[in-house]
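Read-outs: derived from the displayed coordinates by stated rules, not from any lab. Owing to the predicted nature of the structure, the values given are computational and were not obtained by experimental measurement. Neighbour counts are summed over all protein chains in view; Cβ atoms, including those assigned to glycine, are modelled from backbone coordinates with ideal geometry.
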Amino acid sequence: MNELLARIIDAHGGMDRWKGFEKVDATIVSGGGLFALKDVTQDPNPRRMTVWLHEERSSVLPYGAPDQRTMFTPERIAIEKLDGALVAERYAPRDSFAGHQTTTPWDPLHRAYFNGEALWTYLTTPFLLAMDGVRVEETESWREGSETWRVLRAHFPGSIETHCLIQDFFGEDLMLRRHDYSVNIAGGFRAAQLTSDYSAATGIRLPTKRRAYTRGPDRRPIPEMLMVSIDISEVRFE
């Protein structure tokens, strides 16, 4: 494992502790301008997100109705009733975004897919960077005010569904401060996501505030262009 990544993982709770859990549940409240561009309603009501830690799988409840939830895997996205009755599903869901631009409208399954892959990525960071097939390297550091942030660049295999295959993770004192990527399923717009307000749950540390802005040509976030906001609370590892 990359030496810097090993130190980051230790600072976030350690791999041995992480391997002892199967999934994490968290309350999320999300917003931002992306959803209006996609012509989908995004209300401020809290939802309960479940992410499996050692396989790419996630679910959010409620979704579309109080008795409905999503079920996400790379191969399938579905909306179902709490008793398991199927509402809608789509296989090979990433193919359904072919030709999409930033303002291409989403249907409920598109939005469910985005939620599933994005929150799976966020709630498993930084441990997912040590998964099989992920290659990391340290790149040029970033100057942020008076601070110098070290940067890990991750190269993801095609078997992992995430925003894009190459992503940058910025850290200071071994904690995540920023996450850069391109949202390929939304026209490839470049995002700089700022992360803050760390908390600990059963010994695992994670940021509870995420703000993703459009990234300008100088690689800096554009404050007026907040695309996605996520607040995370009531985190429980099982």
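Taking the C-alpha atoms only, the angle from helix 108-124 to the longest principal axis of the chain is near 30 degrees. Placing R0 at 22 angstrom, the Cβ-Cβ distance between Thr202 and Glu55 gives a FRET efficiency of 0.65 after rounding to 0.05. Going by a ≥ b ≥ c, the root eigenvalues of the Cα gyration tensor, does the stretch 1-126 fall in the rounded group (a/c under 1.5), the prolate group (a/b larger than b/c) or the oblate group? Note, shape of the stretch 1-126 comes out prolate.
Which shape class, rounded, prolate or oblate, goes with the stretch 132-193 when its Cα gyration tensor gives a ≥ b ≥ c as root eigenvalues, a/c under 1.5 marks rounded, and past that a/b bigger than b/c marks prolate?
Judged from the Cα gyration tensor, the stretch 132-193 comes out oblate (a/c at least 1.5, b/c at or above a/b).
Separation of the stretch 52-69 from the stretch 99-132 is 13 Å, based on Cα centroids. For the stretch 191-205, backbone phi angles converted through the Karplus equation (6.51, -1.76, 1.60; θ = phi - 60°) give residue-by-residue couplings of 10, 10, 9, 8, 10, 7, 6, 5, 9, 10, 9, 6, x, 9, 9 Hz, Gly and Pro being listed as x. Working note: Karplus 6.51/-1.76/1.60 with θ = phi - 60° gives the stretch 130-145 the couplings 9, 6, 4, x, 8, 10, 10, 8, 7, 10, 4, 5, 10, 8, 10, x Hz, where Gly and Pro are set to x. In a shell of Cβ-Cβ distance under 12 Å around Met227, excluding Met227 itself, what net charge do Lys and Arg (+1) and Asp and Glu (-1) give? Combined, the nearby Lys, Arg, Asp and Glu give +4. Proximity of backbone amide H atoms, modeled 1.01 Å from N, is registered between Gln193 and His179, Asp180, Tyr181, Tyr213 at under 5 Å, excluding neighbours fewer than 5 places apart on the same chain.
Extending 7 Å from the Cα toward the beta-carbon at both Gln42 and Glu75 defines two label points whose distance is 3.1 nm.
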